[in-house]
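Everything on this sheet refers to the single structure shown next.
We did not get these values from a lab; they are worked out from the coordinates using the rules stated. What you are looking at is a predicted structure, and each value in this text was computed from that prediction instead of being measured. Note: ideal-geometry Cβ built from the backbone for every residue, glycine included; neighbour counts use all protein chains shown.
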Amino acid sequence: MNYRNDIRNIAIVAHVDHGKTTLVDAMLKQSRIFRDNQEVGELIMDSNTLEREKGITIMAKNTAVVYRGVKINIIDTPGHADFSGEVERVINMADGCLLLVDAVEGPMPQTRFVLRHALQRGLKTIVTINKIDRLNTRIPEVVRLTQDLFLDLAVNDDQLDFPILYASAKDGIAVTELGERGTDISPIFECILKNVPPPQIENGPFQMLVSNLDYDSHKGRIAIGRIWRGKVASHDTVVTVRADGNAEEHEVAEVFTYLGLKRLKVEEAEAGDIVAVTGIERVSIGDTLASPDMPQALPRIQIGEPTVEMTMGVNTSPFAGREGRFSTTRQLRERLDKELDTNLSLRVQDTESPDTFLLRGRGELHLAILIETMRRDGYEFEISRPEAITKVINGKLMEPVEVLTIDTKNKYIGVLTEMLSKRQGKMMDMRNYEDNVRLVFYIPTKGLLGFRSSFLTSTRGEGIMNTMFLSYEPCLGEIVSTRDGVLVASEQGVAITYGLNNAQERGLTFIEPGTQVYEGMIVGLNSRSQDIPVNVCKEKKKTNIRSSTSDVAIKLTPPLKMSLEQAMDFINRDELLEVTPKSIRLRKRLLTYSQRLRNISVVKAVPPEKVGRR
Ligand SMILES: Nc1nc2c(ncn2[C@@H]2O[C@H](COP(=O)(O)OP(=O)(O)OP(=O)(O)O)[C@@H](O)[C@H]2O)c(=O)[nH]1
Ligand SMILES: [Mg+2]
């Protein structure tokens, strides 16, 4: 075995929002990768549009900097639990990891998840307590809690001996001792050089594990991964060893390594480095690229299972085909197949209906990001309500259970506990910090669906919640839906103020005057438990008698507008969401009133205990 002292490979891991991408910004900026006058902005690695809009990392990405002659390959990872499949698949490229922990929040569920993965893979870990510039930091306690986490998760004693740094990624500084005045983040670079082992290399024929894929309209498919053995150069012939054991020969077109935000074309690259190769058209994540002399597969990447499912089908609303560019089954299938190449924790299955697919993912947000991306790409389709995936294990019905961590003000403890117990949540821990409290619950995934929006309203935005998959447990039975009935348009047409005003006497409305509606479309929320048809297109009866009051302009309450995720949470099983590039419409599955009346068994919108009120 040899080592390559000119390279270090490190993954940056943490709970969501603890500052990974901001730290990568600082590393890139301070290593003088950019020209002095170059405007590069913030969160440079969050390059995808949805990432920028939502301010979160969705996909893991590679970059590299050079520090004192050593190239440091950096892998930025997402911290949100729904995208943890990304962490699982890229962490194998690294020899070390930088674990960031927020100096106020301390270790969170996802901190534990990523640290467990890193330690199981034997990665050398550097802990960085980040955001030390914040008010109300509790650094000694955060350090102690982080040490406890290592005690819990380390697989050997060496792992308990880890360096700790203190940083403000935002200000671009890091120090080794608390209280020191930092000037830049060089202590992090120094610590990486000193503690992260240089990549071990094996001599022999080429072997690389594909951990990521990219696409370029000129170069075609790009396979990204770490070379474990040998070297690769342009025009080499390599073998792709696929999941089914089949092998195919391809010629490498070009080889690139990373530097800053660019890929640098190189003549050849050697074991220990992270590279991107083009010319391999048929390759998936997890495949091995190897020399034809020794076509051995590396262990495939293991990814945790999905917990949430929903259907996606061809749009069957009366407005189908009006707003989307792609709407046929074939187009949906092709798009989903393409997604499966890179979205490793997604599963797509056929259903009894040829026009409907079953989608499974790591959480609601995981699926919502796919829906939003497809809709922006010009697709239209309909989706069902997301549901937790149950399984039968040893003859018992089991369901996924998650850890829910909530940080909020003391005054919301009562209302949250009540809401969560209705959703079958069990409180496991409660800790107070002055006016703030951290609550930990175990709760079935089905109880979490739709919880986020009610959480935000009932804590008036003064709370943060996080969830993470825990295990499969025996199913506790259905949760009674507490949503009220809906106002359903009774005929097709254009909604007008008069009709909407009538509807507002029944409850809240979701649409503005001028909106096109169809029979069976949901236009509002009833203030009672049953669904009722309303005619929002109805005009005022003309009479000959003028009254001084009735002609006064009607003032409507502004409609309640839901985001995609809120709408996904809102709909019941007998309802669908119609998604197009221009609109998100809520609808009943059965569009006419008489169909719905005949098919009461499907209509579960009315919770049994509330029926009595009719
Ligand atoms: N005060 C303070 N804020 C910081 C610091 N580092 C990051 N932030 C802020 O924290 C927020 C999240 O930062 P990101 O870098 O996007 O966090 P992340 O870990 O990459 O988040 P995900 O990739 O979505 O998991 C942003 O608003 C940053 O400006 C810091 O050192 N101090
Ligand atoms: Mg990030």
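Counted residue by residue at 0.36 nm each, then reduced by the alpha carbon distance between them, the extension gain from residue 253 to residue 53 reaches 68.5 nm. Think of region 419-572 as having a plus end and a minus end, set by charges on the Cβ of Lys, Arg, Asp and Glu; of 464, 439, 485, 485 sits farthest toward the positive end of this dipole.
When the C-alpha to C-alpha distance is required to be over 32 Å, the pairs from 194/409; 124/409; 61/131; 29/338 that qualify are 194/409; 124/409; 29/338.
Listed by chain and number, the aspartates and glutamates whose C-alpha is less than 17 Å from the C-alpha of residue 391, apart from same-chain residues fewer than 8 away, are 305, 309, 399, 402, 473, 478. Using a cutoff of 8 angstrom between alpha carbon atoms and counting only pairs six or more residues apart, the relative contact order for region 198-276 works out to 31 percent. Here the 3J(HN,Hα) profile of region 223-235, calculated from phi with Karplus coefficients 6.51, -1.76 and 1.60 at θ = phi - 60°, is 9, 10, x, 9, 7, 9, 8, x, 9, 9, 9, 4, 6 Hz, Gly and Pro shown as x.
With both labels modelled 7 Å from their Cα along Cα-to-Cβ, the residue 116 to residue 573 distance reads 3.1 nm. Once the Cα-Cα distance is subtracted from the 0.36 nm per residue extended length, the residue 162 to residue 66 segment shows a gain of 32.2 nm.
The share of C-alpha pairs in region 246-393 whose separation exceeds 26 Å stands at 45 percent.
In whole Å, how far is the Cα centre of region 149-176 from that of region 445-513? Computed from Cα coordinates, the inter-centre distance equals 42 Å. Largest first and in whole Å, the equivalent-ellipsoid semi-axes of region 124-194 read 22, 16, 8, each the square root of five times a Cα gyration tensor eigenvalue. Cross-link partners of residue 588 among lysines, defined as those whose alpha carbon lies under 22 angstrom from its own and excluding same-chain residues fewer than eight positions apart: 446, 538, 561, 604, 610.
In order along region 44-57, the Karplus-derived 3J(HN,Hα) couplings, from 6.51 cos²θ - 1.76 cosθ + 1.60 at θ = phi - 60°, round to 4, 6, 7, 7, 7, 4, 5, 4, 5, 5, 8, x, 10, 7 Hz, and Gly and Pro are given as x. For region 458-537, a simple Cβ point-charge model (Lys and Arg +1, Asp and Glu -1, everything else neutral) yields a dipole of about 160 debye relative to the Cα centre.
Using a/c under 1.5 as the rounded threshold, could you call region 413-523 rounded, prolate or oblate? The axes a ≥ b ≥ c are square roots of the C-alpha gyration tensor eigenvalues, and prolate needs a/b larger than b/c, oblate otherwise. Prolate is the answer for region 413-523, as a/c is 1.5 or above and a/b outweighs b/c.
Computed about the Cα centre, the dipole magnitude for the chain is approximately 2360 debye when only Lys and Arg (+1) and Asp and Glu (-1) carry charge, each at its Cβ. Between residue 316 and residue 6, residue separation times 0.36 nm minus the direct Cα-Cα distance comes to 105.8 nm. Shown here for region 350-436: GluC sites (Glu not before Pro) in loop regions (DSSP other than H, G, I, E, B) with at most 13 other Cβ atoms within 10 Å, namely 352, 434. Distance from the alpha carbon centroid of region 56-124 to that of region 227-268 works out to 24 angstrom. Computed over region 423-480, the percent of Cα pairs more than 19 Å apart is 36. Based on C-alpha pairs under 8 angstrom that are at least 6 apart in sequence, region 146-255 has a relative contact order of 14 percent.
Each of 156, 65, 123 was scored by the projection of its Cα onto the charge dipole of region 44-162, and the greatest displacement toward the positive side belongs to 65; charges sit on the C-beta of Lys, Arg, Asp and Glu.
Within the P(r) computed for region 160-308, what percentage of the Cα pairs occupies the region above 19 Å? Value for region 160-308: 60 percent of Cα pairs lie more than 19 Å apart. Which cross-chain or sequence-distant (5 or more) residues have an amide H under 5 Å from the amide H of residue 17, H modelled 1.01 Å from N in plane? Placed amide hydrogens put 79 under 5 Å from residue 17. Across region 1-156, Cα pairs under 8 Å and at least six residues apart give a relative contact order of 28 percent.
Across region 575-591, rounded Karplus estimates of 3J(HN,Hα) from the backbone phi angles (6.51 cos²θ - 1.76 cosθ + 1.60, θ = phi - 60°) give 10, 9, 10, 9, 10, 9, x, 9, 9, 10, 10, 9, 8, 7, 4, 8, 7 Hz, Gly and Pro being marked x. Remark: the chain projects, on average over all directions, an area of 33.8 nm² (convex hull of Cα atoms). How much net charge surrounds residue 145 when only other residues with a Cβ under 13 Å from its Cβ are counted (Lys, Arg +1; Asp, Glu -1)? My count for the surroundings of residue 145 gives -1.
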